[in-house]
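This report concerns only the one structure given below.
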Amino acid sequence: MEKYSVAIVDDDAMSLVNLSEQLSKDERFELVGAYSTGAEAYQAIVHLKPQLLFLDVELPDITGMSLMRQLREQEPWGMKVVFYTAYDKYMIHAIREAAFDYLLKPFLPVDLNEILERFIAGYVPVETKSESKPHPKPVVSGDGMQKAFMVYSSQNEIYVMHPSEVGYFRYNSERKLWEVLSTVQPVLQMRRGITADHIVALSPNFVQVHQSFIVNLDYLMLIKENRCQFYPPFHDIEEVQISKKFKREVHERFAL
C-alpha cells in the first residue's frame, strides 16, 4: 500500500508527540520528519517534499505563515498545509493564506481523521497532474522563455506566476476584486483596480467567458450547457459559466 508522507513543524514537544502518535495509528501515512524551528524545517521539507505538512502558527524563529510562503516559492510538489495551533484567532488568516485545513489543539481523533480523509479524497500529486494532461503548453517569448507576470495581492504581496500555472480568474463581487485560482496558490486575491482587460492582456491563453470569469484555454476541456469543464487539476470546478455575450465572441474567435 502506498503511503502518504507527512511532516510536522511544532515547537511544543507534547503537541508534536501527540500528533505523531495519532498519525502512526493510520497505516496510510508515514511521518518523514518532525521539527521544532522554521530554520531546520525549511531545508528538510524542501528536500523531503512531504505531501502533507502540519505547521504550527507560532515558531521560535518565524511564523508559520511566513514559512509556508517561503516553501511555496520552491518548485511545487503538491504539498498541502494544515495549520496546527492552540489559538483559533488564526483561523481567518489561515483561510486567507489558502491553507488546506486547520487543526486546533488539543484535537480529537475524529477531527484529525476528518482532515486525513479529505486529504486522501482530493490529493492529486503534481506528477499525476502532468501525466493526466500533457498541456498546458507554456506561453513562450521569442527566445523560448516562458513569460512570467507579477500579481500584486490584496495584502500588498507580489507573486511571480506563469500562465501555465493559472486555471482561471473569477471576480469577487463582495470585495470588488479579481481572484486567481492556480496550481500553486489555490486562491490569490488580486489588488483592487485590476480589470479584466489587464488580465486578458497578460497572455493570449486568458479569455473572458463571463463578466465574472476569465479562463486559461489550455485547461478548458469542454463547454456544456453554458458551463466550462476543465482538465485536471481543475476538473472538479463547476462554478465557471459562459454568458451569451462572451460565448458568441469566443465562438467567433476560436471556432473552426
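We did not get these values from a lab; they are worked out from the coordinates using the rules stated. Keep in mind that this is a model prediction, so the values were computed, not measured. Neighbour counts are summed over all protein chains in view; Cβ atoms, including those assigned to glycine, are modelled from backbone coordinates with ideal geometry.
For the range 220-227, backbone phi angles converted through the Karplus equation (6.51, -1.76, 1.60; θ = phi - 60°) give residue-by-residue couplings of 6, 9, 7, 10, 10, 6, 6, 10 Hz, Gly and Pro being listed as x. Using R0 = 30 Å, the C-beta based FRET efficiency linking residue 197 and residue 227 works out to 0.75. For residue 62, the residues whose modelled amide H falls within less than 5 Å of its own, excluding neighbours fewer than 5 places apart on the same chain, are 38.
Is there a quick way to get the dipole size of the range 1-61? I mean about its Cα centre, with the Cβ of Lys and Arg at +1 and of Asp and Glu at -1; what is the value in debye to the nearest 20?
Working: 4 positive and 12 negative charges, 65 e Å.
Result for the range 1-61 is approximately 320 debye, rounded to the nearest 20.
In this label model, residue 113 and residue 44 are separated by 2.9 nm, measuring between points 7 Å along each Cα→Cβ vector.
In this simple spin-label approximation, residue 149 and residue 235 carry label points 7 Å from Cα along the Cα→Cβ vector, and these lie 2.8 nm apart.
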